[in-house]
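Working notes for the structure below.
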Amino acid sequence: MHYDIAIIGAGMSGLAAGIRLAHYDKSVCILERHSIPGGLNSYYRRQGIPFDVGLHAVTNLPDAKNKRAPLNRLLRQLRLRRDDLDICEQTFSTIAFPDSQLIFTNDVEDLCSSVADVFPREIDGFRALISLVRENDSFTLSTAGGSARERLAELIRDPVLNDMILCPLMFYGNAREHDMDFNQFCIMFESLFFEGFWRPAIGVRQIIDLLTNRYRACGGELLLRKGVRQIRVDAGSATALELDDASEISVGAVLSSAGYPETMAMCDAGEGDGGEHPAGELGFVESIFVLNQPARDFGLNASIEFFSESRHFHYGRPNDLVDFSSGVICAPRNFAVPDDERSTAHMVRLTHLADYGQWFSLAPDAYAERKNDVLVHQRRWLDSRHPGLTEAIIATDMFTPKTIKRYTGHINGTVYGSPVKCLDGTTPIDNLFICGTDQGFLGIVGAMLSGVSMANLHLMR
Ligand SMILES: Cc1cc2nc3c(=O)[nH]c(=O)nc-3n(C[C@H](O)[C@H](O)[C@H](O)COP(=O)(O)OP(=O)(O)OC[C@H]3O[C@@H](n4cnc5c(N)ncnc54)[C@H](O)[C@@H]3O)c2cc1C
């Protein structure tokens, strides 16, 4: 069997790249080790309840008329209609620190008003930051942008406000500990604050089905349960893929969404490891609490709340299994979703930073016990803030970095991959390219953009 292009991974980036290439009459095959597509943002059923693996919110909701906005450009390139997404916007979200709370919506002026109320002396600096973000050429594929913390400190003197701005942007798209690349900061700032949050009415499955159907309709082949074990390299070019079942396919080029170090580890001996793109160190735990009544009944009104219980927000590998001092709480039904059976169940998702090393070193019994300890701690915390909510819990599920590693193969179970991105997607092998998390555009929209950009840049000739 021979394909012009083989794509490793049927996550958001692999599917989007596949559609783009199939449109241009390339023979394309996506190889996915898992039994369903979606990767880090897939879905499953447990006890009859549909769960999204990760989805809190999709970012980047622009005005439909803004032709240059990333989501609108993406839809055009994938030949999808905006209406197919069944968009349900957030109502409002918050950033809560010990003595201050900011509120934002999909209109950045609401965030400006909130900053003016809570940090009146900083509003000019905040507006200057907005101008800087608007002017920055964030999507450059050739250079990194330097330290976001340093750029912020030049404009805003209050370190608490700086940490409050960084908290959601880091939780939703930063692979680096403690600081953020300034270009990545601008991309995330635009995605969250200029354009904003939405969800498809039925959850992430809506996006995955759209992409999969489109890909197949334009002739692409999707092979599930077909992991790639090895990339055969001959004279500096990838020539074939050896699969888990020992079968082999010959290839003209390979686009991999498995991650940079993960991809290099698949290459024949001698091609090296991640080199200057090492595996990431940031892990997360997330618990999903399914409720038998709306979270709003217990005073949980925001679509998403980003919080830090310390005035200094710590974003790094924790010393303990979990860092409970900060996190994200998301109530999917607090979006403007239809109040009917199509919508996701009433639920609360609670996310914290986690130390992958400690989770990986636990024996199976201890692993189950520690997961339970985390749930107990989180239930207590939820009850202290929203009395009565835990009595409405009818099902729970939880993932750790170990779960992520098991289902996606990402080293250390990272969600955001290597802290050093491979912006142009090239590797030392001349026809092997990287898309998705380790190319550098993160999140659902980012991953799709990455797939399309790398297909356009390297594989359309
Ligand atoms: C818990 C969680 C919550 C999240 N929440 C949000 C959110 O609310 N909003 C948002 O925008 N983003 C969110 N994200 C991030 C978002 O899901 C990812 O950034 C995006 O999906 C990454 O897509 P990708 O294609 O780059 O990589 P992946 O999704 O990792 O896809 C890679 C695929 O490659 C496959 N693969 C790996 N190795 C092989 C191999 N050797 N052979 C065959 N297949 C292989 C994997 O199985 C996987 O399917 C979340 C992620 C997680 C984990």
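The values are calculated or read from the model by the stated rules, or taken from the named source; none is laboratory data. Here the structure is a predicted model, which is why all the values come from computation and not from measurement. Backbone-built Cβ (ideal geometry, glycine too); neighbour counts: all protein chains shown. Each accessible area value is taken on the protein alone, full model and side chains, heavy atoms only, with ligands, DNA and RNA left out. Shrake-Rupley method; radii C 1.70, N 1.55, O 1.52, S 1.80 Å.
In region 365-436, carbon and sulfur make up what percent of the accessible area (probe 1.4 Å)? Present the calculation step by step, with values, prior to reporting the outcome.
Numbers: 1620 of 3180 Å².
Here carbon and sulfur together make up 51 percent of the probe-accessible area.
With a cut-off of 8 Å between alpha carbons and a minimum separation of six or more residues, what is the relative contact order of region 281-407 in percent?
Details: 214 pairs, mean separation 50.6, N = 127.
The value is 40 percent.
Per residue of region 199-208, what does 6.51 cos²θ - 1.76 cosθ + 1.60 with θ = phi - 60° give for ³J(HN,Hα)? Whole Hz please, x for Gly and Pro, Karplus curve as stated.
9, x, 3, 9, x, 5, 4, 4, 6, 5
State to the nearest 20 debye the size of the charge dipole of the chain about its Cα centre, where the only charges are +1 on K and R beta carbons and -1 on D and E beta carbons. Before the final figure, lay out each step's value.
Working: 44 positive and 59 negative charges, 204 e Å.
It works out to roughly 980 debye.
What's the ranking of 100-111, 422-433 by average number of surrounding C-beta atoms within 10 Å, highest first? Intermediate values should be presented prior to the final figure.
Details: 100-111: 17.8, 422-433: 19.7.
By packing density, highest mean first, the sequence is 422-433, 100-111.
Counting only pairs 8 or more places apart or on different chains, how many lysine pairs in the chain have C-alpha atoms closer than 25 Å? Walk me through the intermediate numbers first.
Working: K26/K226; K226/K402; K226/K405; K371/K402; K371/K405; K402/K421; K405/K421.
Step by step, the pairs that qualify in the chain add up to 7.
Any idea what the relative contact order of the chain is, in percent, if you count C-alpha pairs under 8 Å spaced at least 6 apart? Can you show the working numbers first?
Details: 989 pairs, mean separation 110.5, N = 461.
About 24 percent, as a whole number.
Taking H as built 1.01 Å from N, whose amide H comes closer than 5 Å to the amide H of D268, not counting residues under 5 places away?
Close amide H contacts, sequence-distant or interchain: I231, V233.
Kindly provide the Kirkwood hydrodynamic radius of region 91-195 in Å, to one decimal, from all pairs of distinct alpha carbon atoms. The partial results should precede the final answer.
Details: mean 1/r = 0.0722 Å⁻¹.
It works out to 13.9 Å.
So how strong a dipole does region 281-407 carry about its Cα centre when Lys and Arg Cβ are +1 and Asp and Glu Cβ are -1, to the nearest 20 debye?
Working: 14 positive and 17 negative charges, 42 e Å.
Value, rounded to 20: 200 debye.
With a probe of 1.4 Å, find how much accessible area region 91-195 has per residue, and write the answer as a whole number in Å². All intermediate terms of the calculation are to be shown ahead of the outcome.
Numbers: 4210 Å² over 105 residues.
For region 91-195, the solvent-accessible area averages 40 Å² per residue.
Given Cα pairs under 8 Å that are at least 6 residues apart, what percent is the relative contact order of region 91-195?
Working: 115 pairs, mean separation 32.9, N = 105.
With pairs under 8 Å counted, the relative contact order is 31 percent.
Taking the highest mean first, how do the peptides 3-13, 346-356 order by number of other beta carbon atoms within 10 angstrom per residue? Please report the intermediate quantities before stating the final value.
On the way: 3-13: 27.8, 346-356: 22.6.
Result, highest mean Cβ count within 10 Å first: 3-13, 346-356.
Hey, what do the phi angles of region 120-134 turn into as Karplus ³J(HN,Hα) couplings, whole Hz, using 6.51/-1.76/1.60 and θ = phi - 60°, x for Gly and Pro?
Each residue's phi maps through the Karplus curve to give x, 6, 9, 5, 5, x, 5, 5, 5, 4, 4, 5, 4, 4, 4 Hz.
Given the peptides 203-212, 409-418, arrange them by the average over their residues of other C-beta atoms within 10 Å, most packed first. Intermediate results must be reported in sequence, preceding the final value.
Working: 203-212: 20.8, 409-418: 24.2.
So the peptides 203-212, 409-418, ranked by packing, come out 409-418, 203-212.
Please figure out what share of the DSSP beta bridges in the chain is antiparallel and state it in percent, rounded to the nearest 5.
Values: 49 of 71 bridges.
Counting only bridges with both partners in the chain, antiparallel ones make up about 70 percent.
According to a simple spin-label model (label point 7 Å from Cα along Cα-to-Cβ), what is the distance in nm between R82 and D373?
4.9 nm
Per residue, how much accessible surface does region 281-407 expose to a 1.4 Å probe? Answer in Å², no decimals. Each step should come with its number before you reach the end.
Values: 5280 Å² over 127 residues.
Counting only protein heavy atoms, the per-residue value for region 281-407 is 42 Å².
How high is the FRET efficiency between R232 and R45 when r is their beta carbon distance and R₀ equals 35 Å, given to the nearest 0.05? Walk me through the numbers on the way to the answer.
Values: r = 38 Å, r/R0 = 1.08.
Efficiency, rounded to the nearest 0.05: 0.40.
Give me, ordered by chain and number, the residues 5 or more places off I30 or on other chains with an amide H under 5 Å from its own placed amide H.
The answer is I7, E221, L222, L223.
Take the solvent-accessible surface of the protein heavy atoms, probe 1.4 Å, and return the percent of it on region 91-195 that carbon and sulfur atoms account for. Mind dumping the intermediate values first?
On the way: 2030 of 4210 Å².
Solvent-exposed carbon and sulfur of region 91-195 make up 48 percent of the total.
Zone of Q101 (label point 7 Å along Cα→Cβ, backbone N under 17 Å): which residues in region 118-132?
From region 118-132, the list is 118-119.
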